[in-house]
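Chemist: This is the structure, below, for whatever I ask next.
Only the coordinates and a few stated rules stand behind these numbers; no lab work does. As the structure is a prediction and not an experimental result, all values here were calculated from the model. When we count neighbours, we look across all protein chains shown, and the Cβ atoms used for this are built from the backbone with ideal geometry, even at glycine.
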Amino acid sequence: MRIIKKINEKLFCSLRSLALKKASDEQGLTELRKRLETLVPDITDHYSAFKIDDPYLMLKVRNLHAFQVSLVQKVINGLKKWVIVDIGDSSGAHLKYLKTLYSDLADLKCLSVNLDQKAVDRIKARGLEAIKARAEELDKYNIHPDLFLCFETLEHLFDPVRFLYELSNKTDARFLIVTVPYLRQSRVGLDHIRENRYENVIAENTHIYELCPGDWKLIMRQSGWDIVYEQIYSQHPHKGILKFTKYLWKKYDYEGFYGAILKRDHTWSSKYADW
């Protein structure tokens with residue numbers, strides 16, 4: 001039975017890998033993904049909770065990185081001076097991508113911000129700047145970001161509304177780029193409670209709010225931001241025989257990820273007096 005299970009798992013991973021490659025081609029991310037692979041060859045330790053140590057996981061994460069970097073490119077292209085802060089960064093990979101892709105920008109400053117000292121130390125060991133701090137309190141350090149990156153972070157927070165509001169109200173950042181898991185219907189995560197699982201529960205692997213794009217957009221507007229661009233990255237193709245893998249992704253993972261480029265706008269947040 002164990003052998004059959006291993007064979008099934010291997011076939012399952014192979015099927016999803018094929019879907020990821022086809023999805024990447026359809027969405028125009030393959031060339032960028034391959035470029036990122038050359039810029040940062042090793043992302044084994046990208047996460048604290050687990051290692052990216054097999055081809056399927058590597059492809060899955062690289063595709064997501066390509067989607068996230070493509071969102072940054074829509075903002076940064078054509079502008080010469082940037083202070084970019086990656087919130088909750090655990091490895092420095094995204095900032096290494098950007099520093100290399102935009103090495104011609106003399107006034108590009110990249111900084112990682114994390115409350116986990118181990119993550120800060122790990123990023124510094126790779127030659128990047130990182131500080132242990134709250135993103136909404138960077139003015140205390142005389143840091144004034146032009147762009148915040150917030151990749152796969154909001155769903156882990158106890159209070160994403162307050163977090164987004166304070167980024168808008170307490171900083172002068174021009175833009176904020178976020179990505180979150182894509183779901184068609186909102187739900188509460190907290191799977192460790194559903195499963196009565198007490199072990200290996202840390203902030204990095206615990207989702208609290210898993211919302212659909214429509215609900216995230218309401219929260220973003222309420223919190224002092226306006227959506228200037230949005231996109232859904234699918235982990236499955238929409239054409240050909242592999243499009244049926246959508247149902248596998250829905251059952252065992254996520255169909256994809258929702259990304260948005262936000263610009264500060266207090267039209268709606270100013271209506272709510274009791275912050």
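Chemist: In terms of modelled amide H atoms, which long-range or inter-chain residues lie less than 5 Å from the amide H of W225?
Modeler: D265
Chemist: Just order 176-189, 88-101 by mean Cβ neighbour count inside 10 Å, highest at the front, would you? Could the numbers behind the result be given before it?
Modeler: Details: 176-189: 17.8, 88-101: 21.4.
With the highest mean Cβ count within 10 Å placed first, the list reads 88-101, 176-189.
Chemist: Using just the helices of the chain, give the 222 nm mean residue ellipticity in deg cm²/dmol: DSSP H runs with n ≥ 4 each add -39,500 (n - 2.57), and the total is spread over all residues, rounded to 500.
Modeler: -12000 deg cm²/dmol
Chemist: Short version: ³J(HN,Hα) in whole Hz for each residue of the range 236-249, in order, from phi by Karplus 6.51 cos²θ - 1.76 cosθ + 1.60 (θ = phi - 60°), x for Gly and Pro, what are they?
Modeler: 10, x, 9, 10, x, 5, 6, 5, 5, 5, 3, 6, 5, 4
Chemist: To make sure I understand the rule: partners must be lysines, Cα under 30 Å from the Cα of K239, and not fewer than 8 residues away in the same chain. Which ones qualify?
Modeler: K5, K6, K10, K21, K22, K34, K60, K74, K217, K250, K251
Chemist: Set the Förster radius R0 to 22 Å, insert the Cβ-Cβ distance between L18 and D45 as r into 1/(1 + (r/R0)^6), and round the FRET efficiency to 0.05.
Modeler: My answer for the efficiency is 0.25.
Chemist: Under a straight-distance cross-link criterion of Cα-Cα below 14 Å, which aspartates and glutamates are reachable from K246, leaving out those fewer than 8 residues away in the same chain?
Modeler: Those aspartates and glutamates meeting the cut-off are E255.
Chemist: Compute the projected area of the convex hull of the Cα atoms of the range 140-232, averaged over all viewing directions, and report it in nm² to one decimal place.
Modeler: Values: hull surface 28.2 nm².
Spelled out: convex hull of the Cα atoms, projected over all directions, averaged, 7.0 nm².
Chemist: Which percent of the Cα-Cα distances in the chain go past 23 Å?
Modeler: Of the Cα pairs, 56 percent sit more than 23 Å apart.
Chemist: In the range 50-64, whose amide N lies under 17 Å from the spot 7 Å out along Cα-to-Cβ of E37? List them in ranges.
Modeler: Counting backbone N atoms under 17 Å from the label point, the list is 52-64.
Chemist: Please report the net charge: other residues with Cβ closer than 13 Å to the Cβ of E210, K and R +1, D and E -1.
Modeler: After counting each charged neighbour, the total is -2.
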